[in-house]
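Since every read-out is calculated from the coordinates, none of them should be taken as a lab result. The structure displayed is predicted, hence computed values, not measured ones. Reconstructed Cβ throughout: ideal geometry from the backbone, glycine too, with neighbour counts over all protein chains shown.
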Amino acid sequence: VGLDIGLAVGRFFLNTEDLHYGYWPNGKEATVHNFAEAQDDHSQLIIDYIPDKTKSILDVGSGSGNLALKLLNLG
């Protein structure tokens with residue numbers, strides 16, 4: 001139930017499919033309007049740390065699975 005509620009709130013009120021707090025670098029104002037962008041920034045930060053030629057990743061506690069979907073789409 002908690003996951004479903006979190007996804008519904010994210011999807012309909014925050015325009016996001018992710019279930020994490022996002023990445024808020026210095027200078028980015030922490031507002032509801034910036035929330036989806038901060039979540040995308042967080043996912044991209046993780047993706048950028050993945051070494052080249054990595055063939056598999058174990059995603060533990062994946063929440064909605066949106067990061068795993070982003071990784072699959074990248075190949």
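Rounded to the nearest 20 debye, what is the charge dipole size of the chain about its Cα centre when +1 sits on each Lys and Arg Cβ and -1 on each Asp and Glu Cβ? Let's see the in-between values first.
Numbers: 5 positive and 10 negative charges, 36 e Å.
Rounded to the nearest 20 debye, it is 180 debye.
Report the gain in length on full extension from residue 33 to residue 8: 0.36 nm times residue separation, minus Cα-Cα distance, nm rounded to one decimal. Could you put the intermediate results ahead of the total?
Numbers: separation 25, 0.36 × 25 = 9.00 nm, distance 1.68 nm.
That pair, residue 33 and residue 8, stretches by 7.3 nm at full extension.
Judged by the ratio a/c of the largest to the smallest principal axis of the C-alpha gyration tensor, the chain counts as oblate, that ratio being 1.5 or greater while a/b is no larger than b/c. For residue 28, the lysines whose Cα comes closer than 24 Å to its Cα, not counting residues fewer than 8 places off in the same chain, are 70. Residue-wise HN-Hα couplings along the stretch 26-36, as the Karplus relation 6.51 cos²θ - 1.76 cosθ + 1.60 with θ = phi - 60° gives them from phi, are 3, x, 8, 6, 7, 10, 4, 5, 9, 4, 4 Hz; Gly and Pro carry x. Between residue 46 and residue 26, full extension at 0.36 nm per residue minus the direct alpha carbon distance yields a gain of 5.4 nm.
Based on DSSP H segments of at least four residues, each scored -39500 (n - 2.57), the chain has a per-residue ellipticity at 222 nm of -14500 deg cm²/dmol. Between residue 59 and residue 72, the modelled label-to-label distance comes to 0.8 nm, taking each label 7 Å out from Cα in the direction of the beta carbon.
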